[in-house]
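Asker: Here you go, one structure.
All of the numbers you see were taken from the coordinates with simple rules; none came from a lab. Owing to the predicted nature of the structure, the values given are computational and were not obtained by experimental measurement. Here Cβ is always computed from backbone atoms with ideal geometry, including for glycine, and neighbour counts include all displayed protein chains.
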Amino acid sequence: MLIQLAIIQVITFVAIIFVLRFVFSRNLNSALGRLNALHEENLVKEDQLSDELKRAKEERDAEVKKGRDEAVLVIEDAKKEALVLRLKMEDEARLQAEKIVQRGREDIEKLKESALKEMEDKSLNTARDIAEAVLSGESKEALWLQLTNEVLDEIAGLPAEKFSLISEAVKLYSSHPLQEPQRERLRNIFKEKLGLVPALDEIIKKELICGLSLEAKGLVVEGNLKNRIERAARNKKM
């Protein structure tokens, strides 16, 4: 009886062990399967993460390179703009300097011309004063007559077209009253050139010293000592 009971217990114990081993093996295989699945899933995720990290690194490197390239372009553009600005400023400075120099030259020329004009006026005034003081009354009258005849000769020698614009009175500026022979000759010249005799407006002008000047519209003839002194001074200056 005891032996049978012991055998039953042994058999039961062995059966329990087999059942436990079966359950444990089954659970172990299931756990291992899940672990393998998780491992495979982790490997896939790891590959995906690695790809994403690689792509992110490539994108970052590309952005960094793009930023560097843009920075280089910005620097180059800034250099070009700085060069253009510097050249522009240099040109403006050069033009300004040239304007200043030109203004200086113009001012010097104006001062020079003013000084020469002042000297010329003084010289002319001195020459006229000397001529006025040196010439006696008879000498002045003789010189006036000579210069007046020269003016009349010059007027007579002018072509007729020079008289075509005369439509108003002719002004005669003279240092002495015009004598009748000269007045008559002048009328004959106008009658020959124009076919008519314009009115003669005779004006005494002592500053001419000797001689006379004729002024009409489009026609000016001068033959006086004042004019000759001025012309001599101009020719000497040239």
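Asker: Residue by residue through region 200-209, what is 3J(HN,Hα) from phi via Karplus (6.51 cos²θ - 1.76 cosθ + 1.60, θ = phi - 60°)? Round to whole Hz and write x for glycine and proline.
Answerer: 9, 9, 8, 10, 7, 9, 5, 5, 6, 6
Asker: Still on this structure: Give me the net charge of Arg185's neighbourhood, meaning all other residues with Cβ under 13 Å from the Cβ of Arg185; Lys, Arg count +1, Asp, Glu -1.
Answerer: -2
Asker: Please tell me which of these pairs span more than 21 angstrom C-alpha to C-alpha: Lys117/Lys162; Lys140/Lys191; Lys171/Lys205; Lys79/Lys99; Lys162/Lys191?
Answerer: Table pairs above 21 Å Cα-Cα are Lys117/Lys162; Lys140/Lys191; Lys79/Lys99.
Asker: Taking θ as phi - 60°, what are the ³J(HN,Hα) couplings along region 81-90 by the Karplus curve (6.51, -1.76, 1.60), each to the nearest whole Hz, with x for Gly and Pro?
Answerer: Whole-Hz 3J(HN,Hα) from phi for region 81-90: 4, 5, 5, 4, 5, 5, 5, 5, 5, 5.
Asker: Output wanted: per-residue J couplings in Hz (rounded whole) for region 142-148, from phi through Karplus 6.51 cos²θ - 1.76 cosθ + 1.60, θ = phi - 60°, x for Gly and Pro.
Answerer: Result, ordered by residue: 5, 5, 4, 5, 5, 5, 5 Hz.
Asker: Can you give me the Kirkwood hydrodynamic radius for region 27-67, using every pair of distinct Cα atoms, in Å to one decimal?
Answerer: Roughly 12.2 Å, rounded to one decimal.
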